[in-house]
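Okay, structure first, notes after.
Values in this text are rule-based calculations from the coordinates and carry no lab data. Nothing here was measured: the structure is a model prediction, and the numbers come from that model. Note: ideal-geometry Cβ built from the backbone for every residue, glycine included; neighbour counts use all protein chains shown.
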C-alpha cells in the first residue's frame, strides 16, 4: 500500500520543479486510482524505476503544449522534440533526487528514461495499482503516476 | 603629472559547462551574469568533458552528476588530478547529503541543487569565483 509520505515526496518533487524553474507554482488535482491497466500517457513521459524496499515505477507525463509554455517561462526558445524529451527527463530527475534524499538506501532509483511519441506504451507494473495525481499548471494538466508494490 | 593607472588586462574566468541536459547547458550560459566569465565549452557527459577540458583549460566547471558514459563524480576526480586549482560547482538534482559530501570529498567546491533560479545560480557562481 502506498504510504502518504512516499506520495508527498513524489508530488513535492514535481511541484517544486514548476515553482523554481518556471517561477510559477503548479497545483495538485484530486488523486485517483487506476486499478486496471496503466493510465494513458501524454506525448512526453519521464520515467523512474524503483526497486529495493518497494518495486515499481513513477512517471511524469505531460502534453507538448504544457512543455512548450514551460520552456518559454524558462527563457528557452528551442522547442524541438529533443528539448521536450530533455525537459520531462529533468522533471523526472528532480523527482528521483527528492526520493533519494527522503528514502535513502531503502529505495534503489534508476536514472530517468523518457518515452515520447504516439506509439509509446505506458509503463506497467504487474500487481501494482496506479495512483494518478493531476498536476495543473496555467491552463494545462499533466499527470504524476505512482505505481509501487 | 598625475600617476597613470595602467590597465592590467584581467584574464577572464574560463567556464566549462558539463550536463547531459541541453536545456541546463543553455540555461547556465544564458543566465550567468558575470562580465569576466567566458564560457569556453559545453559537454554532455564526462568523457566529452575530459576532452574539452584538455582543449580549453577552464578555471571553473559546472558539473552534473548523473550522466551517461562517465558520471560527474568520476569526472571531478580526473579534473582535480589534472588541475588541482580548478574550481568545480556541482549542479545536480541529487539532493541527498551523502552525494554532496562525496562530491566535495572528490574535489568539488560547491553544490547547487536542480531546479535552480537565476539568482541561485549566480550566487553559487559568485561563491565559486571568490572562493567563499
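Every Cα-Cα pair in the range A:1-108 was counted, and those over 22 Å apart are 33% of them. Taking 37 °C and 0.692 mPa s as conditions, the range A:92-149 diffuses translationally at an estimated 243 µm²/s according to Stokes-Einstein applied to its Kirkwood radius (Cα pairs). If R0 is 51 Å, the Cβ-Cβ spacing of residue A:8 and residue B:57 corresponds to a FRET efficiency of close to 0.65. A helix-only calculation puts the protein assembly as shown at -12000 deg cm²/dmol for mean residue ellipticity at 222 nm, using -39500 (n - 2.57) for each DSSP H run of at least four residues, averaged over all residues. Inter-chain Cβ neighbour count for A:70-77, averaged per residue, equals 3 (cutoff 10 Å, partner chain atoms only). Packing, as the average of other Cβ atoms within 10 Å across residues, places the peptides B:59-68, A:23-32, A:91-100 in the order A:91-100, B:59-68, A:23-32, highest first.
Treating the angle as unsigned and between 0 and 90°, give the value, to the nearest 10°, between the Cα long axis of helix B:72-82 and the longest Cα principal axis of chain B. Approximately 40 degrees, to the nearest ten.
Show log10 I(q)/I(0) for the range A:23-63 at q = 0.22 Å⁻¹, two decimals, from a solvent-free Debye sum over equal Cα scatterers. Results for the range A:23-63 at q = 0.22 Å⁻¹ read -1.03.
Separation of the range A:45-60 from the range A:90-136 is 4 Å, based on Cα centroids. Restricted to Cα atoms, the range B:13-130 shows a radius of gyration and a Dmax of 12.5, 34 angstrom.
In this rough spin-label picture, where each label sits 7 Å from Cα along the Cβ direction, the residue A:119-residue A:68 distance is 2.4 nm. Where the alpha-carbon atoms of the range A:48-149 are placed on the principal axes, they occupy 41, 27, 23 Å, in descending order.
Rg and Dmax over the alpha-carbon atoms of the protein assembly as shown stand at 20.4, 89 Å.
For chain A, the longest principal axis of the alpha carbon atoms and the long axis of helix A:81-103 meet at an angle near 40°. Shape analysis of the range B:62-132 based on the Cα gyration tensor places the equivalent ellipsoid semi-axes at 18, 16, 10 Å, largest first. Rounded to the nearest 5, what is the percent of antiparallel bridges among the DSSP beta bridges in the protein assembly as shown? Approximately 65 percent, going by the DSSP bridge assignments. Does anyone have the angle between helix B:97-106 and the longest principal axis of chain B? Alpha-carbon axes, 0 to 90°, nearest 10? Roughly 60 degrees between the two axes.
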